[in-house]
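First the structure, in the form of structure tokens, and then the observations on it.
The values are calculated or read from the model by the stated rules, or taken from the named source; none is laboratory data. Being a predicted model, the structure only gives us computed values, none of them experimental. Quick reminder, even Gly has a Cβ in these numbers, built from the backbone with ideal geometry, and neighbours come from all protein chains shown.
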Amino acid sequence: MTYLIIKSLHIVIVIAWFAGLFYLVRLFVYHTEAMDAEEPKRTILSEQYHIMESRLHKIICTPAMVLTWILGITMIIYNGGEWFKINTWLHSKMIFVLILTIYHERNRKIIKQLHKGIKTMSSESFRLYNEVPTLLLLIIILLAVCKNMLNIGYALLGILIFAVVMVLFMKAYKKIRLNKRS
């Protein structure tokens, strides 16, 4: 029962972490667009977005990331070293969670740069950047659910096709959005 409680908490905390990351980068989109606005709107919005980004990262995303790692490692310890050795899916999953952690830390740097008035990407680039956790979530869930049964070649091909479809959808949506403005 203890293990199932730890696993349940792990899943809930992972959801919180991803929700925070999705919202955070959406704030980057709006923050970047606000930087192109006229004064005083630019300053007012930029300051508000900075407060929202900083708090979201510090109060939700970072604690969720730390707890995700703690609970995940706790489950590995609970299952033992031999279990860890034979479950190669978990090794791959941990690599993708590490990539997500790097993404998380990159966002902290972006918050600081945006606060200084430095645009690191355009709003369109941030929209694409916001799909990185979507792809990581897909990969991590596939690994966790399918475990050692997952054919990594087919999985990567499917994820690549999914990524291409996402990019095409985003380009089509941008075109629709620009046509509505005209």
Mind counting the residues in the range 79-137 that are part of a helix (DSSP H, G or I), free of Cβ contacts under 8 Å to residues at least 24 places away in the same chain, over 11 Å from VAL25 (Cβ atoms) and among the small types (Gly, Ala, Ser)?
1
Can you find a residue that is under 30 Å from VAL164 (Cβ atoms), touching a Leu at 6+ places or on another chain (Cβ under 6 Å) and not aliphatic (A, V, I, L, M) anywhere in the range 24-35?
yes
When the range 138-174 is examined, which residues are found to be touching a residue at least 12 places away in the same chain (Cβ under 8 Å) and charged (D, E, K, R)?
LYS147, LYS174
Output the residues belonging to the range 108-151 that are within 30 Å of ASN87 (Cα to Cα), more than 19 Å from the chain's Cα centre (by Cα) and either surrounded by 13 or more Cβ atoms within 10 Å (Cβ to Cβ) or not aliphatic (A, V, I, L, M) (or both).
CYS146, LYS147, ASN148, LEU150, ASN151
Filter the range 20-58 down to residues that are without any contact (Cβ under 8 Å) to a residue 40 or more places away in the chain, within 16 Å of ILE118 (Cα to Cα) and charged (D, E, K, R), then give me how many there are.
3
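What do you reckon, is ALA172 modelled with pLDDT of 85 or more and either part of a helix (DSSP H, G or I) or on the phi > 0 side of the Ramachandran plot (or both)? Steps first, please.
Values: modelled with pLDDT of 85 or more: yes; either part of a helix (DSSP H, G or I) or on the phi > 0 side of the Ramachandran plot (or both): yes.
For ALA172, the condition - modelled with pLDDT of 85 or more and either part of a helix (DSSP H, G or I) or on the phi > 0 side of the Ramachandran plot (or both) - is met.
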Within the bounds of the range 63-86, is there any residue that is over 28 Å from ILE140 (Cα atoms) and in contact with a helix residue (DSSP H, G or I) (Cβ under 7 Å, 6 or more places away or on another chain)?
no
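Can ALA19 be described as of a type in the set (Gly, Ala, Ser), surrounded by fewer than 19 Cβ atoms within 10 Å (Cβ to Cβ) and more than 20 Å from THR120 (Cβ to Cβ)?
Details: of a type in the set (Gly, Ala, Ser): yes; surrounded by fewer than 19 Cβ atoms within 10 Å (Cβ to Cβ): yes; more than 20 Å from THR120 (Cβ to Cβ): yes.
When the stated conditions are applied, ALA19 passes them.
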Residue tally, condition more than 24 Å from ILE102 (Cβ to Cβ) and either assigned to a loop (DSSP other than H, G, I, E, B) or among the hydrophobic types (A, V, I, L, M, F, W, C) (or both), over the range 21-61
10
Being surrounded by 14 or more Cβ atoms within 10 Å (Cβ to Cβ) and of a type in the set (Ser, Thr, Tyr) is the filter; apply it to the range 23-72 and report the residue that is nearest to SER122 (Cα to Cα).
THR32
